[in-house]
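Each reported figure results from applying straightforward, stated rules to the coordinates on display, with no laboratory input. The shown structure was predicted, so the numbers you read here are calculated from the model rather than taken from an experiment. Cβ coordinates were reconstructed from backbone atoms using ideal geometry, including for glycine residues, and neighbour counts include every protein chain displayed.
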Amino acid sequence: MAFTAKDVKELREMTGCGMMDCKKALTEADGDKEKAVELLREKGLATAAKKSGRIASEGVVLDYVDGNVGVIIEVNAETDFVAKNEQFTDFVKAVAKTVAVQAPADVEALKAMQIEGGSQTVGEELTEKIAKIGENMNIRRFARFEGTVATYIHGGGRIGVLVKFDTDCADKDGFDEFAKNIAMQIAAAGAQYLDRNAVPAEVVEKEKEILSVQALNEGKPANIVEKMVAGRINKFFKEVCLVDQEYIKDGDLSVSKYIDKTAKELGGSIKVVEYARFEKGEGLEKKEDDFAAEVASMIK
């Protein structure tokens with residue numbers, strides 16, 4: 001029995017599954033819609049689709065380093081309980097390794113790749129895990145750097161940091177300790193930018209505008225507002241720029257001075273090239289549990 005584009009559309013609406021999955025199911029079912037639904041359910045695809053509307057703001061940030069390639073990845077789930085599930089963490093580790101080995105351009109490209117250590121694509125594995133574990137899950141983002149890299153995971157996967165350095169220091173142990181300290185600094189102090197040059201001009205101008213209004217509201221004369229803003233913008237840079245921040249392990253040093261001091265001690269040069277910092281669930285809507293409503297629904 002043949003089927004039309006309208007049939008594919010209707011099956012999508014019935015199951016919430018992707019267009020290609022619906023097309024394959026209809027082909028396999030010879031156009032029988034009910035049979036196609038059954039096939040999608042058997043494959044766990046319809047189950048997964050029904051869960052796709054749920055908020056997944058828990059999960060984990062994990063790292064993976066192999067030689068000169070480093071990766072951090074955030075994969076979300078609905079509950080903290082599932083985030084500690086071995087099946088879930090093994091899946092995240094396999095996906096992180098896939099990112100390291102195959103270097104996808106983005107999450108969509110990653111989902112289309114064959115997962116390292118398996119025969120299915122990352123997307124197919126994700127769908128399978130959703131159906132098996134019974135929670136919505138989402139591969140949210142990843143960062144991948146090549147070169148001299150270091151990672152740091154804080155709070156059992158709550159915060160993850162990946163840093164890339166440019167260095168010629170021969171003392172590997174000394175450098176490794178330094179690199180970890182820098183990654184910990186980024187995790188703890190959450191610098192938004194590497195240095196002042198990385199701060200967009202519009203961000204600086206907006207901050208100056210706000211500081212000017214603040215100074216005028218404090219009753220300061222217009223002729224000294226400019227000097228006050230110059231001083232306060234420096235304070236702003238010290239908060240948002242990594243190299244300008246106060247070093248968390250020694251308040252007498254800025255991060256920049258700590259880098260220079262370590263380079264001198266190790267007899268080489270060190271430069272932080274770039275970094276990524278992921279905090280689990282940041283910016284995502286959190287699931288609000290209404291206990292009374294849950295009990296009421298159970299009684300019904």
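Sorted largest first, the principal axis extents computed over the alpha-carbon atoms of segment 159-202 equal 41, 25, 12 Å. Among G190, G231, G117, the largest mean-square fluctuation in a Gaussian network model of the chain (Cα springs under 10 Å) belongs to G231. In plain terms, the C-alpha convex hull of segment 121-172 casts an average shadow of 5.7 nm² when viewed from every direction.
Other residues within the sphere of radius under 14 Å centred on the Cβ of A105, judged by their own Cβ, net out at +1 (K and R +1, D and E -1). Only helices enter this figure: runs of n ≥ 4 DSSP H residues, each worth -39500 (n - 2.57), summed and divided by the residues of the chain, yield -15500 deg cm²/dmol at 222 nm to the nearest 500.
Within a straight-line Cα-Cα reach of under 19 Å, K35 can be paired with the following lysines, leaving aside sequence neighbours fewer than 8 residues apart in one chain: K6, K9, K23, K24, K43, K50.
Translational diffusion coefficient of segment 113-241 (Stokes-Einstein, Kirkwood radius from Cα pairs, 20 °C, 1.002 mPa s): 112 µm²/s. Near G268, once Lys and Arg are set to +1 and Asp and Glu to -1 for all other residues with Cβ below 14 Å from its Cβ, the sum equals -3. Note on segment 47-170: Cα-only Rg and Dmax are 14.7, 54 Å. Summarised in one figure, the compactness ratio Rg/Rh of the chain, Cα atoms and Kirkwood Rh, is 1.10. Spatial offset of segment 141-155 relative to segment 1-19 amounts to 41 Å, using the alpha carbon center of each. Ratio of Rg to Rh for segment 106-147: 1.03 [Cα atoms; Kirkwood radius as inverse mean 1/r over pairs].
The calculated Kirkwood hydrodynamic radius for segment 1-48 is 10.0 Å, given to one decimal from all distinct C-alpha pairs.
So, counting K/R as plus one and D/E as minus one, what does the shell of residues with Cβ under 13 Å around Q114 add up to? That sum, taken over residues with Cβ under 13 Å, equals -1.
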